[in-house]
Amino acid sequence: MKFGIFYEHQLPRPWSERSEQELFNEALDQVELADRLGIDSAWEVEHHFLEEYSHSSAPEVFLAACSQRTKRIRLGHGIVLMPPGYNHPARVAERIATLDLVSGGRVEFGTGESSSLAELGGFGVAVDKKRAMWRESVEQVCNMMAMDPYPGFQGEFFSMPCRNVVPKPVQRPHPPLWVACSNRDTIHLAAKLGIGALTFAFIDPSEARHWVDDYYRTLENECTPIGHAINPNIAMVTGFSCHEDAEEAQRRGEDGFRFFGYALGHHYIFGEHVPGRTDIWKRFEASKPMLPRAGGNRGIGTPDQLREHLRSFEEVGVDQVIFIQQGGKNQHEHICESLELFAGRVLPGFKEHEAERERKKLERLAPALEKAMARKTWMKELADDEIPVLQALGRQVVQQMPKEQREQAATFQGSSGLTVPLSDPNEG
């Protein structure tokens with residue numbers, strides 16, 4: 001089983017002028033440390049306007065910074081918001097490919113549709129259309145990264161003409177594709193489309209078994225890939241705080257984990273929010289006596305407790321566990337100490353057999369994946385004589401002039417001194 005760390009960039013009030021800068025700098029230090037310790041991936045979310053819960057509106061910038069401070073850790077978008085109101089598909093393809101290039105081919109391409117009214121309303125994304133927007137955009141972004149040129153598209157939610165979307169990613173045909181899953185319905189969706197499932201539901205290993213079984217059963221029997229490759233993996237999140245003393249681990253990590261859930265509920269389920277004024281941390285503090293405790297069954301405890309908790313995920317077939325280590329007011333020093341203790345005492349036992357586990361899984365799935373790829377309907381490539389000719393604006397302007405003016409502006413001398421004909425050389 002693999003392990004990742006996850007960032008919302010949570011920042012409970014009160015704030016100082018340097019709070020956000022310190023938060024991001026500490027997160028970069030943590031990712032650099034995780035890379036040295038052998039953690040497999042660092043995931044960064046995309047959210048907008050969700051004060052205190054997530055100050056992570058430009059994950060591609062943060063992950064690019066991570067890429068230059070690390071050597072081997074995978075860099076995951078967990079997730080890119082795909083409705084075109086948030087991000088035009090061509091811009092997503094360009095950013096993912098660029099990050100893959102500057103990181104040396106380490107990108108995990110997580111996708112999602114969003115479900116907070118603050119974000120949907122802020123960008124004018126219709127709630128009842130967001131799933132369809134996600135699906136249309138994901139398929140076309142994969143086509144843009146894989147096809148040369150991209151033939152163009154006339155869709156329900158966005159359209160664009162033929163263009164060669166560059167650069168192309170290191171990982172061909174495109175980086176591994178994931179989708180955010182919050183319930184078992186989206187687990188089925190991920191499997192049907194051949195996408196890795198990033199499950200953001202805090203479930204127990206006993207329930208995780210049902211999710212994993214649903215995912216792989218659907219993948220093996222019903223998959224028709226939306227991308228140009230299948231990513232047969234399921235990841236699940238858990239809390240994280242590791243210390244030799246169980247009570248100290250809980251003291252350091254419990255409130256951060258509970259605030260994570262409370263702030264999520266505030267923005268997504270039960271809250272009323274006044275932008276720039278509501279103090280979520282203050283409300284959380286008042287509500288703490290009514291909130292459930294969190295311990296070893298949520299990734300908070302001693303190395304032995306974490307090992308037992310994580311083994312139960314591995315035994316039911318989870319491919320990756322992602323730690324919510326940066327939550328609430330969890331301290332940077334405590335996060336780093338937890339990562340170091342986990343890497344020294346827990347991680348080696350999981351690393352030992354991971355390559356063999358993954359090899360056997362892919363060997364078992366190979367026939368089903370081959371059949372799934374055969375079911376895919378591919379976008380038609382353009383023949384060379386079907387690729388449209390794109391005329392520069394200057395040439396278009398000249399050709400729209402009256403004939404006398406065209407003759408006067410028949411050539412243009414560029415900054416290089418090269419004389420370029422602007423009129424049609426075939427004109428009589």
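Can you pull out every residue in segment 378-413 that is among the polar types (S, T, N, Q) and touching a residue at least 24 places away in the same chain (Cβ under 8 Å)?
Of everything in segment 378-413, just one residue is among the polar types (S, T, N, Q) and touching a residue at least 24 places away in the same chain (Cβ under 8 Å), namely Gln399.
Restricting to segment 139-162, and then to whatever is assigned to a loop (DSSP other than H, G, I, E, B) and without any contact (Cβ under 8 Å) to a residue 24 or more places away in the chain, can you tell me which residue is farthest from Ala97 (Cα to Cα)?
Gly155
Residues being surrounded by 15 or more Cβ atoms within 10 Å (Cβ to Cβ), assigned to a loop (DSSP other than H, G, I, E, B) and either of a type outside the set (D, E, K, R) or not assigned by TED's automatic domain parsing to the domain that holds Leu75 (or both): count how many of those fall in segment 163-177.
Result for segment 163-177: 7.
Across segment 246-284, which residue is farthest from Leu11 (Cα to Cα) among those that are assigned to a helix (DSSP H, G or I) and of a type in the set (Ser, Thr, Tyr)?
Tyr268
Residue by residue, here is whether (1) assigned to a helix (DSSP H, G or I); (2) surrounded by fewer than 21 Cβ atoms within 10 Å (Cβ to Cβ) holds:
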position	(1), (2)
Leu50	no, no
Ser56	no, no
Ala65	yes, yes
Pro83	no, no
Tyr86	no, no
Ala97	yes, no
Gly104	no, yes
Glu108	no, no
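Collect the residues in segment 285-305 that are modelled with pLDDT under 90, within 18 Å of Lys329 (Cβ to Cβ) and in a helix (DSSP H, G or I), keeping them in residue-number order.
Arg298, the sole residue that qualifies.
Can you find, within segment 77-122, the residue that is modelled with the lowest pLDDT among those that are of a type in the set (Ser, Thr, Tyr) and in contact with a strand residue (DSSP E or B) (Cβ under 8 Å, 6 or more places away or on another chain)?
Filtering first and then ranking leaves Ser114.
Filtering segment 370-387 down to residues that are outside any loop (DSSP other than H, G, I, E, B) and not aliphatic (A, V, I, L, M), which residue is surrounded by the most Cβ atoms within 10 Å (Cβ to Cβ)?
Lys371
Given the residues Gly271, Gly253, Gly317, Gly299, which is the only one that is surrounded by fewer than 18 Cβ atoms within 10 Å (Cβ to Cβ) and within 28 Å of Phe24 (Cβ to Cβ)?
Among Gly271, Gly253, Gly317, Gly299, only Gly271 is surrounded by fewer than 18 Cβ atoms within 10 Å (Cβ to Cβ) and within 28 Å of Phe24 (Cβ to Cβ).
The values are calculated or read from the model by the stated rules, or taken from the named source; none is laboratory data. Note that this is a predicted model, so its numbers are computed, not measured. Using ideal geometry, Cβ is built from the backbone for each residue, glycine included, and neighbour counts are taken over all protein chains shown.
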